[in-house]
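None of the figures in this text is laboratory data; all of them are computed from the coordinates on show. It should be emphasised that the depicted structure is a prediction, and the values quoted were computed from it without experimental measurement. In this analysis, Cβ positions are derived from the backbone assuming ideal geometry, glycine residues included, and neighbour counts consider all displayed protein chains.
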Amino acid sequence: MKQIQIANSDFHASEIALGCMRISELSNQEISSLVNTALDEGINFFDHADIYGGGKSEEKFAEALSMNPALREKMILQTKCGIRQGYFDFSKEHILEAVDGSLRRLRTDYVDVLLLHRPDALVEPEEVAEAFTILQNNGKVKHFGVSNQNPMQIELLRKFVKQEIIFNQLQFSITNTGVIDAGINVNMEIDASVDRDGSILDYCRLNDITIQPWSPFQYGFFEGVFLDNDKFPELNQKINAIAAAKGVTNSAIAIAWILRHPARMQPIVGTTNPGRLRDICKASDVTLTRPEWYEIYTAAGNKLP
Ligand SMILES: NC(=O)c1ccc[n+]([C@@H]2O[C@H](COP(=O)([O-])OP(=O)(O)OC[C@H]3O[C@@H](n4cnc5c(N)ncnc54)[C@H](OP(=O)(O)O)[C@@H]3O)[C@@H](O)[C@H]2O)c1
């Protein structure tokens with residue numbers, strides 16, 4: 001597993017991260033097997049959120065692993081806050097209490113990264129700045145980032161927040177290519193040329209913000225997996241042919257497609273299956289050619305101008 005230097009941070013991380021959104025219903029043994037497989041494969045980055053499993057994902061993660069200082073030091077733990085029942089909340093008070101809850105559940109004194117989960121329309125960036133400074137000063141959070149934010153939202157935060165914004169977690173996969181479509185179709189009078197996110201990909205590259213693609217195997221708003229799915233016959237044929245030629249599984253190709261993008265994104269994979277995770281990790285050894293990358297893009301139904 002390749003390690004990447006995360007820009008504006010003091011750490012290297014595996015180029016593939018394990019997302020823990022789906023682990024709350026697993027047994028302790030299943031969680032331990034999944035996480036230990038990840039560690040064996042060289043994955044050292046684990047993505048959480050206070051809301052996953054209503055808090056149970058964080059809690060069971062720590063419980064299943066009998067979290068202890070030696071193990072904790074081997075991991076980069078990221079969590080998120082700001083989504084509440086029926087509303088979003090980036091208030092200082094909520095950010096601070098959410099982090100305390102995550103630390104308690106994760107049985108740790110600090111998280112390496114805290115992300116603001118989904119934009120709060122009522123955000124007061126001065127309050128976010130105060131919360132971040134308190135969390136940095138008391139050592140509870142080392143680094144900060146956002147999720148699902150556009151360039152102007154990040155600019156607004158950056159006007160007040162003193163810490164670097166190091167990550168932006170965005171939905172991006174072979175079947176969710178919104179962040180690249182408009183760039184390919186500039187100046188065209190077609191739907192794909194509509195810039196829906198303010199050129200967030202280029203903004204992140206310009207500002208050394210690492211993009212973390214979430215749900216890299218899902219189509220729609222995580223409606224299901226596109227691999228081996230009859231809804232995507234041409235795409236699966238193409239992916240399977242490339243996978244066979246490279247001696248890896250289709251899951252590895254789906255991630256290799258994301259890793260091939262020069263923005264050096266860090267995909268967050270959400271499998272709960274250790275065998276599948278091992279297959280996915282092979283993506284780190286595969287470099288798709290430029291033609292292969294474009295062939296997969298067009299096989300997903302995208303047209304080039
Ligand atoms: N920031 C945000 O707003 C946001 C939103 C959603 C998710 N996330 C993060 O992103 C992570 C990943 O999300 P996700 O779980 O939706 O992503 P995913 O990796 O696209 O999907 C994983 C799911 O697909 C299933 N699957 C079936 N066939 C598969 C195959 N061939 N290859 C891979 N998976 C297959 C897995 O089942 P098995 O478990 O049986 O393998 C699992 O249920 C989450 O854990 C979370 O950390 C963030």
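Any idea which of E127, E155 is under 26 Å from G54 (Cβ atoms), of a type in the set (D, E, K, R) and surrounded by fewer than 21 Cβ atoms within 10 Å (Cβ to Cβ)?
Just a single option satisfies the conditions, and that option is E127.
Being more than 11 Å from the ligand (Cβ to nearest atom) and part of a strand (DSSP E or B) is the filter here, so list the residues in the stretch 1-23 that pass it.
Q3, I4, Q5, H12, A13, S14
Mind telling me which of the residues L26, L39, L34 ends up being over 23 Å from N168 (Cα atoms), away from the ligand (no atom under 15 Å from the Cβ) and either under 18 Å from the mean Cα position of the chain (by Cα) or in contact (Cβ under 8 Å) with a residue 60 or more places away in the chain (or both)?
None of the others qualify; the one that does is L39.
Conditions: (1) of a type outside the set (K, R); (2) within 19 Å of F46 (Cβ to Cβ); (3) crowded, with 20+ Cβ neighbours inside 10 Å. T272 meets all but one. Number of the miss?
(3)
Quick check on my filter: what residues within the stretch 72-116 are over 18 Å from Q153 (Cβ atoms), polar (S, T, N, Q) and surrounded by fewer than 23 Cβ atoms within 10 Å (Cβ to Cβ)?
Residues satisfying the conditions are Q85, T108.
List pairs: first residue in the stretch 265-282 and within 15 Å of T249 (Cβ to Cβ) and of a type in the set (K, R), second residue part of a helix (DSSP H, G or I) and more than 7 Å from the ligand (Cβ to nearest atom) anywhere in the structure, Cβ distance under 9 angstrom, at least six positions apart or on different chains.
R278/T37; R278/D40; R278/E41; K282/K246; K282/A252; K282/I255; K282/A256
Considering each residue of the stretch 190-218, count those that are acidic (D, E) and within 14 Å of the ligand (Cβ to nearest atom), and give that number.
Number of matching residues: 1.
Quick one: E63 ticks every box in (1) within 15 Å of the ligand (Cβ to nearest atom); (2) farther than 23 Å from A263 by Cα; (3) in contact with a helix residue (DSSP H, G or I) (Cβ under 7 Å, 6 or more places away or on another chain) bar one, so which box is it?
Condition not satisfied by E63: (1).
Give the number of residues within the stretch 130-146 that are surrounded by fewer than 22 Cβ atoms within 10 Å (Cβ to Cβ) and in contact with a strand residue (DSSP E or B) (Cβ under 8 Å, 6 or more places away or on another chain).
4
Quick check on E223: is it acidic (D, E) and loosely packed, with under 14 Cβ neighbours inside 10 Å? Outline the logic, then answer.
On the way: acidic (D, E): yes; loosely packed, with under 14 Cβ neighbours inside 10 Å: yes.
Yes.
Confirm whether V186 is surrounded by fewer than 18 Cβ atoms within 10 Å (Cβ to Cβ) and either aliphatic (A, V, I, L, M) or within 11 Å of the ligand (Cβ to nearest atom) (or both). Lay out the reasoning, then the answer.
Values: surrounded by fewer than 18 Cβ atoms within 10 Å (Cβ to Cβ): yes; either aliphatic (A, V, I, L, M) or within 11 Å of the ligand (Cβ to nearest atom) (or both): yes.
Judged against the criteria, V186 is a match.
Can you work out which of the residues in the stretch 240-283 that are aliphatic (A, V, I, L, M) and in contact with a Phe, Trp or Tyr (Cβ under 8 Å, 6 or more places away or on another chain) is farthest from the ligand (Cβ to nearest atom)?
That would be M265.
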